[in-house]
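Following: one structure in structure tokens, then a few remarks.
The values are calculated or read from the model by the stated rules, or taken from the named source; none is laboratory data. Please read these numbers as outputs of a predicted model, since none were measured by experiment. Heads up, the Cβs are rebuilt from the backbone with ideal geometry, glycines too, and the neighbour counts pull from every protein chain shown.
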Amino acid sequence: MILTILTLFPSTIEGYLRESILRIAQEKGLVRFRLVNFRDYSTDRHRTVDDRPFGGGPGMVLKPEPVFAAVEDAEAKDGPYRKVLLTPAGRRFDQALAREFSREERLLLLCGRYEGFDERIRLGLRWDEVSVGDYVLSGGEIAALAVAEATARLLPGALGDPESAEQESFTAGLLDFPQYTRPRVFRGMAVPEVLVSGDHEAVRRWREEAARRRTAERRPDLRPESDPKAGTGG
Ligand SMILES: C[S@@+](CC[C@H](N)C(=O)[O-])C[C@H]1O[C@@H](n2cnc3c(N)ncnc32)[C@H](O)[C@@H]1O
């Protein structure tokens, strides 16, 4: 997958891409990240990317020309992209959308800043408009990283153990079950006996039940699948 991020602040993203799962996914050749500063596509002397809003009001609005030029250049070089515009007005990002994005050959994320985008950016190019939640960030970079990481870790081979992605929260419409490691007793809190029983079927049942209970208590809006893989493999 080629994952291109259009941003005015590439240095805020660079360091994160060099660590952990995202670094490993790149080293394995599963994903190539490209950071594009769309300021490089402005054509005036001052490298302007924003301007005051028509009709008045506070702040600055991102101009269409540099964004169109950056997107068109990326598509001319790489081929058509699935294009994601990060905006609080978008569809809420979730695991299902991350999985959908992970099947794309090319994904482009556009990070806004200031008061957001000139409406013609939205109208003139075909976007998935995506929000990471009902709050307002100062820019799309953190949202882009959330989308990039949730997507890239689902690429086959990205996670050391493929079962990790199968078991974790939201995959089967369930939250994850509680996890324990050593020591067996910590400050009077003991690991549930079943987890140290060596009975794999009992562990699987306990985890499935715990995941269902937790989901019903905390996220009754989620729709669990009838046969989740909770707990297989121990
Ligand atoms: C300060 S925000 C603009 C907010 C805009 N005036 C509004 O009220 O919807 C600047 C940029 O941050 C990004 N952003 C902020 N919150 C976001 C969210 N919840 N999800 C995705 N992107 C977000 C978007 O790219 C947005 O264009």
Query - Close pairs (9 angstrom Cβ cut-off, 6 or more residues apart or separate chains): on the phi < 0 side of the Ramachandran plot in region 174-193, of a type in the set (V, I, T) and surrounded by fewer than 12 Cβ atoms within 10 Å (Cβ to Cβ) anywhere - result: V191/T181; V191/V185
Query - Positions within region 6-41 being of a type in the set (S, T, N, Q) and under 20 Å from L155 (Cα atoms), in sequence order - result: S20, Q26
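Pick out the one residue from D161, D134 that is more than 14 Å from the chain's Cα centre (by Cα), at pLDDT below 95 and not aromatic (F, W, Y).
Of the residues listed, the single one that is more than 14 Å from the chain's Cα centre (by Cα), at pLDDT below 95 and not aromatic (F, W, Y) is D161.
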**Report entry** region 56-72, residues that are within 14 Å of the ligand (Cβ to nearest atom) and surrounded by 14 or more Cβ atoms within 10 Å (Cβ to Cβ)
**Finding:** M60, V61, L62, K63, P64, V67
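Can A210 be described as under 15 Å from S169 (Cα atoms), part of a helix (DSSP H, G or I) and at pLDDT 95 or above?
Details: under 15 Å from S169 (Cα atoms): yes; part of a helix (DSSP H, G or I): yes; at pLDDT 95 or above: yes.
Here the answer is yes, as A210 does meet what is asked.
Residues checked against (1) assigned by TED's automatic domain parsing to the domain that holds P53; (2) part of a strand (DSSP E or B); (3) crowded, with 20+ Cβ neighbours inside 10 Å; (4) within 13 Å of the ligand (Cβ to nearest atom):
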site: A74; (1), (2), (3), (4): yes, no, yes, no
site: P80; (1), (2), (3), (4): yes, no, no, no
site: P88; (1), (2), (3), (4): yes, yes, no, yes
site: E100; (1), (2), (3), (4): yes, no, no, no
site: L109; (1), (2), (3), (4): yes, yes, yes, yes
site: I121; (1), (2), (3), (4): yes, no, yes, yes
site: L137; (1), (2), (3), (4): yes, no, no, yes
site: L145; (1), (2), (3), (4): yes, no, no, yes
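Residue by residue through region 168-196, note down the ones that are hydroxyl-bearing (S, T, Y) and surrounded by 12 or more Cβ atoms within 10 Å (Cβ to Cβ).
Taking region 168-196 and keeping what is hydroxyl-bearing (S, T, Y), we get 169, 171, 180-181.
Those that are hydroxyl-bearing (S, T, Y) and surrounded by 12 or more Cβ atoms within 10 Å (Cβ to Cβ): S169, T171, Y180.
With respect to G124, determine if the residue is in contact (Cβ under 8 Å) with a residue 12 or more places away in the chain and not hydrophobic (A, V, I, L, M, F, W, C). Let's see the steps before the verdict.
On the way: in contact (Cβ under 8 Å) with a residue 12 or more places away in the chain: yes; not hydrophobic (A, V, I, L, M, F, W, C): yes.
Considered against the rule, which asks whether it is in contact (Cβ under 8 Å) with a residue 12 or more places away in the chain and not hydrophobic (A, V, I, L, M, F, W, C), G124 comes out as yes.
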Query - Filter pass, L155 being among the aliphatic types (A, V, I, L, M) and either surrounded by 18 or more Cβ atoms within 10 Å (Cβ to Cβ) or in a helix (DSSP H, G or I) (or both) - result: yes
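Hey, among A89, A74, which residue is within 20 Å of T4 (Cβ to Cβ) and not acidic (D, E)? First the steps, then the outcome.
On the way: A89 fails: within 20 Å of T4 (Cβ to Cβ).
Result of the check over A89, A74: A74.
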